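Everything below concerns the one structure shown next.
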Amino acid sequence: MSLSLRLRRASAAGALLAAALFATACEPTDPVAPASPAAHSSSAPAAPAPTPTPSPTPTPTPTPTPTPTPTPEPTPPATPAPAASTPPAKAAATPTTARTTSKPPTPTPAHTQEAAACHPLSNAGNCYKAGQFCRNSDHGVSGTDASGRTIVCVDKNGWRWIAS
């Protein structure tokens with residue numbers, strides 16, 4: 001037997017052994033990983049080994065279980081009330097209290113003097129003070145600060161609130 005024939009057989013046997021080990025190590029649901037080129041280190045070209053493809057297995061579909069339907073219970077027959085020979089005694093009138101299911105009124109949040117006395121408010125809901133920068137939407141607007149002083153948004157070294 002020539003040396004090249006032995007090498008071919010050895011590489012083919014090695015490839016089959018590697019494929020068998022790879023196939024037994026994988027679960028049927030695992031994705032197939034491509035073989036790395038380092039796995040084939042023979043100098044002779046080997047015939048490509050067929051890779052086994054997993055066959056799809058049918059999954060059982062759950063069948064709905066029937067739910068038991070409740071059977072109605074028979075109602076007892078109504079019995080007629082015995083005729084009373086004497087009129088029933090008048091029950092003593094007891095005062096009843098009416099129950100209310102309404103919720104108590106929710107307390108209104110107390111507004112601070114700061115929030116009620118100044119305008120316009122910043123995006124955070126705070127009062128502006130003289131010297132602070134104005135928003136673009138406030139250019140030329142006048143308002144009051146927390147102290148009640150009138151402030152105006154003017155362009156003075158940048159748009160700022162200035163006390164007037």
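Nothing in this text is a laboratory measurement; each read-out follows from the coordinates by a stated rule. Computed from a predicted model, the values in this text were never measured in an experiment. For neighbour counting, all protein chains shown are included, and Cβ atoms are generated from backbone atoms with ideal geometry for every residue, glycine included.
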- Lys and Arg at +1, Asp and Glu at -1: add these up for the other residues within a Cβ distance under 14 Å of Trp159 and post the number. +1
- Message: Could you give the length gained by full extension between Ala20 and Ser137, i.e. 0.36 nm per residue of separation minus their alpha carbon distance, to one decimal place?
- Response: 34.7 nm
- Taking only the alpha-carbon positions of the stretch 113-163 and ignoring solvent, what does the Debye formula give for the base-10 log of I(q)/I(0) at q = 0.18, 0.26, 0.27, 0.32 Å⁻¹? -0.45, -0.92, -0.99, -1.31
